[in-house]
Amino acid sequence: MSDLTRPTAADSFWWPRTVTPWVRGLAVASLLTNSLLILTGGLVRLTGSGLGCPTWPRCSPDSWTNTQEMGIHGIIEFGNRLLTFVLAVVAVLMFLSVMRMFRSHPKLFWLALALGVGIPLQAVVGGITVLVGLHPLMVGVHYLISAAMISLSTLLVLNTRRESLSAVALEQRPGQLRSSRTAVRVLAVLVGVLSSVILYLGTLVTGTGVHAGDDSSARLAFNSVDITRAHAVPVYLLTFTVVAGIVLCLVKQLPRVLRNAYLIMAGIIVAQGLVGYYQYFNHVPVPAVALHMVLSAVLIWGATRVVSFSFYLAQDQHEHAAPVDFSTVSDDDAAVQPVR
């Protein structure tokens, strides 16, 4: 496999002019750390540690860190706050790594900038959430910001690979969808919209349920059965949409990368559905809820890939801002996927 943009003498490790393995690695780190935030935030809620640090930005009125008197809840909540600093370090390194690519790779620059802005926004919203006593609507906003950052991180990973690895650029090159473009785009929009609705309704289900994050926290006044059923409706619609996408890919022999993205999405939905039904019929045990939250991050990743591939492949070649030169692609690379 050959690279489209090899490091040059003008490149430095920290702020290169081309998309190097360091840049791709930071993009993956952004995705992993933002996904981890959903897990640690879930553990805060599931262990009743939401007010383990009862103030913000300090952990207590007299201390920036948790104290021994706060016990395990203080450790868990302060640990979740510390992850924000890890996210900030990764975001700063990511932005520095693409700073000199503003003209050559503007998409990478703006994605990295958006992630960098998202971290202080997330921290402030987290602080407000603590100050309002973990009101479930604010907790939902806190989660949805994390979801948006996972989606942005996924796009960053996809674009760093597209713009630096010749085999990936060849497999995902624009202009491959000579038919069914409208159908592919419509299905992609449905996947994106339905996934967003599922995530939003999921926050309402959580805000109605038993895992409040703290015994004193308010709950939403929905009937738990009714809001859970409402949450299931877009899940069924997303399932039908993904099945339709798989059928379209097979019947029209659409590019393999899009078909695989839909198949992965189908697997995620099945796994998430099984865990969801298990927790519903078993009184929402903590391990199942934690796994459900982790799979929600995976769902965001999968849906973003489907949408990104669908619209990128559906472009005309001349619409692509930076035409790819495949003259350096090896014979093995060229066998990746023929144009259909």
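The values are calculated or read from the model by the stated rules, or taken from the named source; none is laboratory data. Since this is a predicted model, take the numbers as computed values, not measurements. In this analysis, Cβ positions are derived from the backbone assuming ideal geometry, glycine residues included, and neighbour counts consider all displayed protein chains.
Give Ser296, Ser310 a once-over and let me know the one that is in a helix (DSSP H, G or I), modelled with pLDDT of 85 or more and within 30 Å of Ser104 (Cα to Cα).
Being in a helix (DSSP H, G or I), modelled with pLDDT of 85 or more and within 30 Å of Ser104 (Cα to Cα) holds for just one of Ser296, Ser310, which is Ser310.
Confirm whether Ala212 is assigned by TED's automatic domain parsing to the domain that holds Val233 and either under 19 Å from Ser35 (Cβ atoms) or modelled with pLDDT under 90 (or both).
Working: assigned by TED's automatic domain parsing to the domain that holds Val233: yes; either under 19 Å from Ser35 (Cβ atoms) or modelled with pLDDT under 90 (or both): yes.
Spelling it out, Ala212 is indeed assigned by TED's automatic domain parsing to the domain that holds Val233 and either under 19 Å from Ser35 (Cβ atoms) or modelled with pLDDT under 90 (or both).
Determine whether Ala297 is closer than 22 Å to Asn34 by Cβ, in the same structural domain as Val184 (by TED's automatic domain parsing) and surrounded by fewer than 18 Cβ atoms within 10 Å (Cβ to Cβ).
no
Out of all the residues in region 30-62, which are out of contact with any His (no Cβ under 8 Å at 6 or more places or on another chain), of a type in the set (Val, Ile, Thr) and closer than 14 Å to Phe78 by Cα?
Within region 30-62, Thr40, Val44, Thr55 qualify.
Looking only at residues that are among the polar types (S, T, N, Q), crowded, with 22+ Cβ neighbours inside 10 Å and modelled with pLDDT of 80 or more in region 22-55, which one is farthest from Gln279 (Cα to Cα)?
Filtering region 22-55 down to residues among the polar types (S, T, N, Q) leaves 30, 33-35, 40, 47, 49, 55.
So of that shortlist, the ones also crowded, with 22+ Cβ neighbours inside 10 Å come out as 30, 34, 49.
Then keep just the ones that are modelled with pLDDT of 80 or more; that gives 30, 34.
On the way: Ser30: 30, Asn34: 25 Å.
That would be Ser30.
Return only the number of the condition from (1) closer than 27 Å to Thr65 by Cα; (2) out of contact with any helix residue (DSSP H, G or I) (no Cβ under 9 Å at 6 or more places or on another chain); (3) of a type outside the set (D, E, K, R) that Ser104 does not satisfy.
For Ser104, the exception is condition (1).
Are any residues in region 56-96 β-branched (Val, Ile, Thr) and modelled with pLDDT of 85 or more, and if so, which ones?
Within region 56-96, Thr84, Val86, Val89, Val90, Val92 meet the criteria.
Are any residues in region 179-194 more than 27 Å from Leu36 (Cα to Cα) and touching a residue at least 60 places away in the same chain (Cβ under 8 Å), and if so, which ones?
Once the filter is applied, which keeps residues that are more than 27 Å from Leu36 (Cα to Cα) and touching a residue at least 60 places away in the same chain (Cβ under 8 Å), region 179-194 yields Ser179, Ser180, Arg181, Ala183, Val184, Arg185, Leu187.
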